[in-house]
Structure formats: structure tokens, C-alpha cells
Amino acid sequence: MEEKIQGKQKNEFFEWVKAIAFGLLVAFLIKQFLFTPVLVKGASMMPTLEDKDRVIINKIGPKFKSIDRFDIVVIENVLLQKNEEENIIKRIIGLPGDKIEYKDDQLYINGEKFSEPYLDQKKKELKDSGSLTYDFTLEQDLGEITVPEGHYFVLGDNRRVSNDSRNPEIGFIPKEKIMGTTSIVCWPFEHIDFRLK
């Protein structure tokens, strides 16, 4: 009788171990291939994203659908000024083939004016009479007339401090460097947002 009880306990123990191992495997696969939490570092996406916000990136997007203009994306292993590679979070502005220009704080894509309502708050906060985004063309900053095939032009929302595609050291972002898109802030509690734009 005692051996039966011990056998039953062993079976229950192994069932628990299998269930926990399966749960950990599923969590690992989801994190690795579908959805991953990422920590925002710095002020380059303020006010849309603040330093130390945690966002969830959707890794399905870049692999199975096109990346849309104005999507917020996480880009892996970008070489920054301190000669360290880091994941960065920016906004897609230019798609392959686009001609991008900024004049008098106004975005032009292929000669057409585009509004950027996500910049309104930052523009209101300016303490001087300067513009949030300095005038530039792709040719001026990067020596190209249009965004190359298979690449994207990205900017941070906090244009005066953002280290982004305007910097020739970062430049155009290859599609394979884009880890995923994000539209969810999951932490801290007061910043939770499920429709980030």
C-alpha cells in the first residue's frame, strides 16, 4: 500500500514537472517569436514614450505584413556614438522609395504635406521660437534622393534630442534590423496605453 502511495506521489510530481516545463517552454517561445517586453531608454520618443516605460513589441508584424508609415518600431543593434550596439525605438517616417524633406517644421513625403499630430504637445512645450525639426532633405543628410529599397527612414518624436536616421552613422534602417512594431505601453501603470500612435 505504501509503495502505491509513493508511486502515485511520484507520478503527480512528474506531471507537475512536465506541466511547469511545458509552460516555461510556451512562455519562452512567445517571448522569442511573438511578443517581447522592451525597456525604453532615454528621451528621444517623448512625449509618446517616456524613459523607463516598458512596451510590448509584436514580432509577427515585420515578418508577415508590411511596415506602415508612422509605426513605432524597435530596431536591434544600432551602433550609437558611445560605440556600443543598442536596441532603439523610433517612428517610421520614410518607406522604401520615399523622398523625405522637412521645411519650416513641416514634413513632406514625395512632395506632399503630412501632418504629425503626435508632435503637437512637444511643439507647444518649446521655449524658444525655433522649430522642433530642423530643415533637411535626404540628399543633404545622407547623400540619397530617396529611401533605398529594403530600408526605412526613422525619427524620434523628440526631434531636438533624438539620434536617428538623420545621423549618417545610423542612416537608413534595413528591414531585417526591425525587431517588431509596438502599440502597447504595459508599464508603469499610469502610462498604460493599448493604442499607441
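The residue pairs whose first member lies in the range 100-115 and is over 13 Å from F70 (Cα atoms) and assigned to a loop (DSSP other than H, G, I, E, B), whose second member is among the basic types (K, R) and open to solvent by 90 Å² or more (accessible area, probe 1.4 Å), and whose beta carbons are closer than 6 Å, counting only pairs six or more residues apart or on different chains, are N110/K99.
Which of the residues spanning the range 116-144 are of a type in the set (S, T, Y) and either more than 22 Å from the chain's Cα centre (by Cα) or assigned to a helix (DSSP H, G or I) (or both)? Correct list: Y118, S129, S131, Y134, T137.
Restricting attention to the range 116-142, which residues are under 12 Å from I100 (Cα atoms) and either free of Cβ contacts under 8 Å to residues at least 40 places away in the same chain or open to solvent by 50 Å² or more (accessible area, probe 1.4 Å) (or both)? Scanning the range 116-142 gives D135, F136, T137, E139, Q140, D141, L142. Any residue at all in the range 99-118 that is under 20 Å from G42 (Cα atoms) and either of a type in the set (F, W, Y) or modelled with pLDDT under 95 (or both)? Yes, some residue in the range 99-118 is under 20 Å from G42 (Cα atoms) and either of a type in the set (F, W, Y) or modelled with pLDDT under 95 (or both). A single member of E76, E86 is modelled with pLDDT of 75 or more, surrounded by 12 or more Cβ atoms within 10 Å (Cβ to Cβ), charged (D, E, K, R) and under 22 Å from R160 (Cβ atoms), and it is E86. When V147 is tested against (1) open to solvent by 20 Å² or more (accessible area, probe 1.4 Å); (2) over 18 Å from the mean Cα position of the chain (by Cα); (3) more than 19 Å from T48 (Cα to Cα), exactly one condition is not met: (1).
The values are calculated or read from the model by the stated rules, or taken from the named source; none is laboratory data. Just so it is clear, the model here is predicted, and its values are computed rather than measured. Cβ atoms come from the backbone with ideal geometry, glycine included; neighbour counts cover every protein chain shown. Protein only, heavy atoms only, side chains kept; ligands, DNA and RNA dropped before computing areas. Shrake-Rupley method; radii C 1.70, N 1.55, O 1.52, S 1.80 Å.
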